[in-house]
Amino acid sequence: MKISKLSIVIPAYNEERTIHLILDKVRDVKLIGGIEKELIIVNDCSADDTEGAIERYRAANPELNIQYFKHEVNMGKGAALHTGISRASGEYLIIQDADLEYDPEEYNDLLKPVVTGFADVVYGSRFQGSKPHRILFFWHTIGNKFLTFLSNMFTNLNLTDMETCYKLFRTDMIQSLELQEKRFGFEPEVTAKVSRIPKVRIYEVGISYYGRTYEEGKKIGWRDGVRAIYCIVKYGVFSR
């Protein structure tokens, strides 16, 4: 499949201080093969001035194809992703958090297995390769690896980082899925459902990771880990 446009889905919640910085990085990256960028920002009813920051950025960068949507009630990251995915018009789409933990310069690393004709889905692994990785939380890392291991048991995949933000999908494939999880359960649900698409080709590439502390705005907590375990079992066994 020839790729002319990449849709970049950006869920945002209380990212007033950093949203312009990540948008600068997305704007500046040059995609291989002259692929165009479509930015789809979904503001999940932020309590700060995230909306104002986005509107000011759009006004200052009229050349960028930015589609903006807002939830009137806070519904969760997964719900914001559902909204963005449904609006995507590129042949492929990638998920980009609004913080600064992931580097858009690495879009091309994820795109290479696609443009060379090998992949339909590409995950960016924080635990693979030799790129920079901020050292932070021991138990958080153990938790991520355990969730990936548990997910792999049900999907029969050999991923190293199921919980990664950077997931690149063929748009028609992910739009064909009936996704339900409104919060961080999105990751195990989409992985389980993608793994069952007939003849899907899933690849993984190493990426860097510039993690945040909770003081710097990190939002995921232990309750989300418990929910992830529930979702792995639910979508791996009971809801297929």
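The values are calculated or read from the model by the stated rules, or taken from the named source; none is laboratory data. Being a predicted model, the structure only gives us computed values, none of them experimental. Don't worry about glycine lacking a Cβ; one is built from the backbone with ideal geometry, like all the others, and counts go over all protein chains shown. SASA here: full protein model, heavy atoms, side chains in, ligands and nucleic acids out. Shrake-Rupley method; radii C 1.70, N 1.55, O 1.52, S 1.80 Å.
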Q. Could you say whether any residue in region 91-108 is among the hydroxyl-bearing types (Ser, Thr, Tyr), modelled with pLDDT under 95 and buried (at least 20 other Cβ atoms within 10 Å of the Cβ)?
A. yes
Q) What number of residues in region 187-238 are over 23 Å from Glu16 (Cβ atoms) and either open to solvent by 70 Å² or more (accessible area, probe 1.4 Å) or at pLDDT 95 or above (or both)? A) 27
Q: Can you tell me which residue within region 140-152, out of those that are within 18 Å of Ile202 (Cα to Cα) and free of Cβ contacts under 8 Å to residues at least 40 places away in the same chain, is surrounded by the most Cβ atoms within 10 Å (Cβ to Cβ)?
A: Thr148
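May I ask you to verify whether Tyr57 is open to solvent by less than 50 Å² (accessible area, probe 1.4 Å), aromatic (Phe, Trp, Tyr) and under 17 Å from the mean Cα position of the chain (by Cα)?
Working: open to solvent by less than 50 Å² (accessible area, probe 1.4 Å): yes; aromatic (Phe, Trp, Tyr): yes; under 17 Å from the mean Cα position of the chain (by Cα): no.
No: the conditions fail for Tyr57.
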(Q) Go through region 160-186 and report how many residues are buried (at least 18 other Cβ atoms within 10 Å of the Cβ), out of contact with any strand residue (DSSP E or B) (no Cβ under 9 Å at 6 or more places or on another chain) and of a type in the set (S, T, N, Q). (A) 0
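Please go through region 69-90 and pick out each residue that is among the β-branched types (Val, Ile, Thr) and either more than 14 Å from the chain's Cα centre (by Cα) or open to solvent by 20 Å² or more (accessible area, probe 1.4 Å) (or both).
Residues satisfying the conditions are Val73, Thr83.
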**Q.** In region 28-54, the residues that are open to solvent by 60 Å² or more (accessible area, probe 1.4 Å) and touching a helix residue (DSSP H, G or I) at 6+ places or on another chain (Cβ under 9 Å)
**A.** Asp28, Lys30, Gly33
Q: For Phe169, state whether it is modelled with pLDDT under 95 and either over 22 Å from Ala98 (Cα atoms) or within 12 Å of the chain's Cα centre (by Cα) (or both).
A: no
